1. How about region 171-194: which of its residues are of a type in the set (A, V, I, L, M, F, W, C) and within 23 Å of TRP250 (Cβ to Cβ)?
2. Given the criteria polar (S, T, N, Q) and modelled with pLDDT of 95 or more, does THR306 qualify?
3. Within region 262-294, restricting attention to residues that are of a type in the set (Gly, Ala, Ser) and either surrounded by 14 or more Cβ atoms within 10 Å (Cβ to Cβ) or at pLDDT 90 or above (or both), which residue is nearest to the chain's Cα centre (by Cα)?
4. Go through (1) outside any helix (DSSP H, G or I); (2) polar (S, T, N, Q); (3) in contact (Cβ under 8 Å) with a residue 40 or more places away in the chain for SER74 and report which single condition fails.
5. If I ask for residues that are surrounded by 19 or more Cβ atoms within 10 Å (Cβ to Cβ) and more than 17 Å from LEU92 (Cβ to Cβ), which ones from region 132-145 would you list?
6. For LEU25, state whether it is aliphatic (A, V, I, L, M), free of Cβ contacts under 8 Å to residues at least 60 places away in the same chain, in a helix (DSSP H, G or I) and loosely packed, with under 12 Cβ neighbours inside 10 Å.
7. If the Cβ limit is 8 Å and pairs must be 6+ apart or interchain, which residue in region 257-283 that is hydroxyl-bearing (Ser, Thr, Tyr) pairs with which residue that is outside any loop (DSSP other than H, G, I, E, B) and surrounded by fewer than 16 Cβ atoms within 10 Å (Cβ to Cβ)?
8. One residue is enough: does region 47-70 have a residue meeting the conditions modelled with pLDDT under 95 and in a helix (DSSP H, G or I)?
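The values are calculated or read from the model by the stated rules, or taken from the named source; none is laboratory data. The shown structure was predicted, so the numbers you read here are calculated from the model rather than taken from an experiment. Don't worry about glycine lacking a Cβ; one is built from the backbone with ideal geometry, like all the others, and counts go over all protein chains shown.
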Amino acid sequence: MRGMHTKTKTACMAIWFVRYGYVPLMLLGINGVAIALARRPWAPLWMVVLILVAIGLSFLAEWVAPYSPEWNKSMGDAPRDAAHAFVNETALLLTVLVVPAVALLSPFHTWWPSSIPFVLQVLIAAAVADFGITLMHYASHKVPALWRLHAVHHSIKRFYGFNGLMKHPVHGGLELMAGTAPLLIMGLPQAVAEALTVLIAVQLLLQHSNADYRIGRLRVVLALNEGHRFHHLKWAGIGDVNFGLFTLVWDHLLRTFCFDPTRRFHSDDLGMAAKPNYPVGYTAQLAEPFRASGACHFDGAQSEVTATGRQPST
């Protein structure tokens, strides 16, 4: 009896830690270590290790305190999502290696504020990336050619951390260009780019997490899972909200912010209503944007549901 009580108490403590400690652990802990190690020898290797640790913590948190236990079970998507994550994160980490050469091509490469504390340099880079990637994300819901590529990310049937790393590599490259072009023009140092890769990976894991964590009023400022679930509502137009990568600042300015604290989400709410049979396999998803079947039409279907994803009352 005492053993059962101890197990229950331990489980409750674990759930409490995930709810209130998981986000600080990732945002301050993992990101903080990344910033501390970014200028050390073997920094690229350390960034790989930190991303793997972040992925492991993501799965652990989702197992301990899931928002939806159903989303912890593979729906035939686990191998595909692993392939997306491996390809996209590898490409991102390799891209960082050429940052110094690319930055030197800019006539303004001396503009980078290298004299200020390193942590501030990383935060500046994150703020600029947040702006550029948010705008590219917004455009990807408005421009048919971009939506073809971005649709891969919206084909999900469950909402869990790995979804954040699941995207078409071409679209991932476009987002990266939009987020880092101003930084490269200013002479982005490789060490800052190293840290930024971890910040982005951690953010995507948190943003799509199935962990039932709590951030209180920060949910209207930080682009985390409570708000991002609305972005993955399957009805055309209804998911055109909460585009931010790190913050929701630009969504407030673009009037695309949406939140309803009473809303609960289920697998039937996710995906694309207009394309329920979107390819599931990895190679098929790579090819789909370039096929005739990959075309998407913005037909004003948002009138079918309300802004919070509910069926309209009659």
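1. Quick first cut of region 171-194, residues of a type in the set (A, V, I, L, M, F, W, C) only: 174, 176-178, 181, 183-186, 188, 191-193.
Residues satisfying the conditions are LEU174, LEU176, MET177, ALA178, ALA181, LEU183, LEU184, ILE185, MET186, LEU188, VAL192, ALA193.
2. Numbers: polar (S, T, N, Q): yes; modelled with pLDDT of 95 or more: no.
So THR306 does not fit the description; no.
3. Restricting attention to region 262-294, the residues satisfying the condition of being of a type in the set (Gly, Ala, Ser) are 267, 271, 273-274, 281, 284, 287, 292-294.
Those left that are additionally either surrounded by 14 or more Cβ atoms within 10 Å (Cβ to Cβ) or at pLDDT 90 or above (or both): 267, 271, 273-274, 281, 284, 287, 294.
On the way: SER267: 18, GLY271: 16, ALA273: 22, ALA274: 23, GLY281: 21, ALA284: 22, ALA287: 22, GLY294: 23 Å.
Per the criteria, the residue is GLY271.
4. (3)
5. Of the residues in region 132-145, the ones surrounded by 19 or more Cβ atoms within 10 Å (Cβ to Cβ) are 132-134, 136-137, 140-141.
Within region 132-145, THR134, SER140, HIS141 meet the criteria.
6. Values: aliphatic (A, V, I, L, M): yes; free of Cβ contacts under 8 Å to residues at least 60 places away in the same chain: yes; in a helix (DSSP H, G or I): yes; loosely packed, with under 12 Cβ neighbours inside 10 Å: no.
For LEU25, the condition - aliphatic (A, V, I, L, M), free of Cβ contacts under 8 Å to residues at least 60 places away in the same chain, in a helix (DSSP H, G or I) and loosely packed, with under 12 Cβ neighbours inside 10 Å - is not met.
7. SER267/GLU70; TYR282/PRO79
8. Going through region 47-70, the residues modelled with pLDDT under 95 turn out to be none.
No, region 47-70 contains no residue that is modelled with pLDDT under 95 and in a helix (DSSP H, G or I).
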